[in-house]
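Undergrad: The structure under discussion is supplied below as structure tokens; questions concerning it will follow.
The values are calculated or read from the model by the stated rules, or taken from the named source; none is laboratory data. Keep in mind that what you see is a predicted model, and the values were worked out from it rather than measured. Backbone-built Cβ (ideal geometry, glycine too); neighbour counts: all protein chains shown.
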Amino acid sequence: MKRLIGLIIILGVSVSLYSCGVVEGKGEAEKLAESMFQNRTNNGWNGSDQYYPALFWEKTDTAKWSNIQNLVTEAHGELQSFSLNTWRIKSGVSTNQLSGTLVTLVYENTYDQGRVSEALLLYKPLAGTKYSIIGHNFNSTQIQDLIEKGIEQAVSEKAV
């Protein structure tokens, strides 16, 4: 009997998530992310800026973004493959400009030299019809090592 109740609860939650568009929203966001990663696999960073909306560029300096791209390439080379690891979705209305649906997708990606965990924050406004990437985070020990090396270099140059 407990198994039946558990199955009914799981089925009910699944149906409610599907009916709320959660599963559909995750799928739409995932398609955009995979398109961006496939573009990067084929073309490097060329053309990848098209996946980031004006909202991203309002908060992101283009020179700093270029430096981040160069840092990732320096640490790991080119993207070879991508694989979705985890995801999270949140929909709601708020008083700021982010009313709508936010999807976080975390990929474990393989590069020429090692693996990088990349977290994407995708957003679709309430009245919008498509997702776009408003946040992108890279995480790897090789990238962190290069950052530390740069910090050490800056400090040692100041000491001279």
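Undergrad: Of a type in the set (K, R) and out of contact with any Ser or Thr (no Cβ under 8 Å at 6 or more places or on another chain), is that true of K124?
TA: Against the criterion (of a type in the set (K, R) and out of contact with any Ser or Thr (no Cβ under 8 Å at 6 or more places or on another chain)), K124 does not qualify.
Undergrad: Got a sec? Which of A154, A54, A63 is at pLDDT 95 or above, loosely packed, with under 11 Cβ neighbours inside 10 Å and either farther than 18 Å from E28 by Cα or among the β-branched types (V, I, T) (or both)?
TA: Only one candidate passes the filter, namely A63.
Undergrad: Hey, could you check region 19-37 for residues that are hydrophobic (A, V, I, L, M, F, W, C) and modelled with pLDDT under 90 and say which is farthest from G47 (Cα to Cα)?
TA: Checking each candidate, the answer is C20.
Undergrad: Shifting gears a bit: Check off (1) over 21 Å from Q113 (Cβ atoms); (2) without any contact (Cβ under 8 Å) to a residue 60 or more places away in the chain; (3) of a type outside the set (A, V, I, L, M, F, W, C) for N67 and give me the number that stays unchecked.
TA: Every condition holds for N67 apart from (1).
Undergrad: Please specify each residue of region 34-64 satisfying the condition of being touching a residue at least 12 places away in the same chain (Cβ under 8 Å), in a loop (DSSP other than H, G, I, E, B) and either basic (K, R) or in contact with a helix residue (DSSP H, G or I) (Cβ under 6 Å, 6 or more places away or on another chain) (or both).
TA: Once the filter is applied, which keeps residues that are touching a residue at least 12 places away in the same chain (Cβ under 8 Å), in a loop (DSSP other than H, G, I, E, B) and either basic (K, R) or in contact with a helix residue (DSSP H, G or I) (Cβ under 6 Å, 6 or more places away or on another chain) (or both), region 34-64 yields only W45.
Undergrad: Quick check on my filter: what residues within region 103-149 are among the β-branched types (V, I, T) and either in contact (Cβ under 8 Å) with a residue 60 or more places away in the chain or loosely packed, with under 14 Cβ neighbours inside 10 Å (or both)?
TA: Scanning region 103-149 gives V103, T129, I133, I134, T141, I143, I147.
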